[in-house]
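Notes to accompany the following structure.
The values are calculated or read from the model by the stated rules, or taken from the named source; none is laboratory data. Keep in mind that this is a model prediction, so the values were computed, not measured. A quick note on method: Cβ atoms are made from the backbone with ideal geometry, for glycine too, and the neighbour counts reach across all protein chains shown. In case anyone asks, the SASA skips ligands and DNA or RNA and just uses the protein heavy atoms, side chains included. Shrake-Rupley method; radii C 1.70, N 1.55, O 1.52, S 1.80 Å.
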Amino acid sequence: MLYMTVTYDDDNLAKHKVSHDEVDEVMDADLRVDVELLPSRRGNQRIMLIAFTLQGRLLEAGIEFFPERDHVFHADDASKQYKAEFERSIKQ
């Protein structure tokens with residue numbers, strides 16, 4: 001997946017103690033699961049990425065696609081739901 005300019009919701013990342021570098025690692029991961037989300041209130045497409053960081057932390061990272069940028073609106077340790085989705089997807 002090719003990303004344009006990436007912006008981050010720094011308040012959300014700080015709340016969950018996730019760095020920009022960790023999100024970038026998830027976005028660039030070879031072994032990654034992409035889950036399509038409902039469009040945002042603005043009508044933009046969104047996706048949740050689930051992957052391990054280089055330090056072995058399994059993260060979920062939500063991205064909203066704007067015409068001029070890709071915005072990381074959420075990042076946190078993968079929830080139980082997304083852990084299960086990741087495990088199910090990589091077993092296929």
Response to the item:
Summing +1 per Lys or Arg and -1 per Asp or Glu among the other residues with Cβ less than 11 Å from S40's Cβ gives +2
Discussion item. Which residue, I90, G56, L13, has the largest displacement toward the positive end of the dipole of the stretch 5-91 when charges sit on each Cβ (Lys, Arg +1; Asp, Glu -1)?
Written reply: I90
Item to complete: Would you mind calculating the gained length between D24 and S79 on full extension (0.36 nm times residue separation, minus the Cα-Cα distance), in nm to one decimal?
Response: 17.9 nm
Discussion item. Amide H of F66 versus every other amide H placed in the peptide plane: which residues, excluding those fewer than 5 positions away on the same chain, fall under 5 Å?
Written reply: H71
Worksheet item: If you count the DSSP beta bridges with both ends in the chain, what percent of them are antiparallel, to the nearest 5?
Response: 85
Discussion item. What number comes out for accessible area per residue over the chain if the probe is 1.4 Å? Units Å², please.
Written reply: 64
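Quote the charge dipole size of the chain about the Cα centre in Debye, to the nearest 20; the model charges only the Cβ of Lys and Arg (+1) and of Asp and Glu (-1). Mind dumping the intermediate values first?
On the way: 12 positive and 19 negative charges, 82 e Å.
Dipole magnitude for the chain comes out near 400 debye.
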Fill in: Label corresponding to log10 I(q)/I(0) by the Debye sum over Cα atoms at q = 0.18, 0.21 Å⁻¹ when calculated from the structure given, among (i) -0.83, -1.08; (ii) -0.76, -1.04; (iii) -0.93, -1.07
(ii)
Discussion item. Could you identify which residue out of S19, S79, S40 has the top mean-square fluctuation in a GNM of the chain using Cα springs shorter than 10 Å?
Written reply: S40
Worksheet item: Can you pull the accessible area of F86 for me, 1.4 Å probe, Å² to the nearest 10?
Response: 10
Worksheet, complete the sentence: The simple spin-label model distance between E68 and F52, using points 7 Å out along Cα→Cβ, in nm, is 3.9
Fill in: With every protein chain in place, the stretch 46-92: carbon and sulfur % of accessible area (1.4 Å)
51
Worksheet, complete the sentence: Taking the dipole of the stretch 5-91 about the Cα centre (Lys, Arg +1; Asp, Glu -1; charges at Cβ), the one of G43, F66, V26 that reaches farthest to the positive side is G43
Worksheet item: Residues of the stretch 24-38 with amide nitrogen under 17 Å from the 7 Å Cα-to-Cβ point of R88?
Response: 32-38
Worksheet, complete the sentence: Nearest 10, in degrees from 0 to 90: the angle of helix 80-91 to the longest Cα principal axis of the chain is 70
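Select from the stretch 19-83 those trypsin sites (Lys or Arg not before Pro) which occupy a DSSP coil region and have at most 11 other Cβ atoms within 10 Å, ordered by residue number. It would help to have the intermediate numbers written out before the result.
Values: sites: R32, R41, R42, R46, R57, R69, K80, K83; in loops: R41, R42, R57, R69.
Hits after loop and neighbour filter: R41, R42.
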Fill in: Choice from E36, E68, E22 with maximal GNM fluctuation in the chain (Cα, 10 Å cutoff)
E68
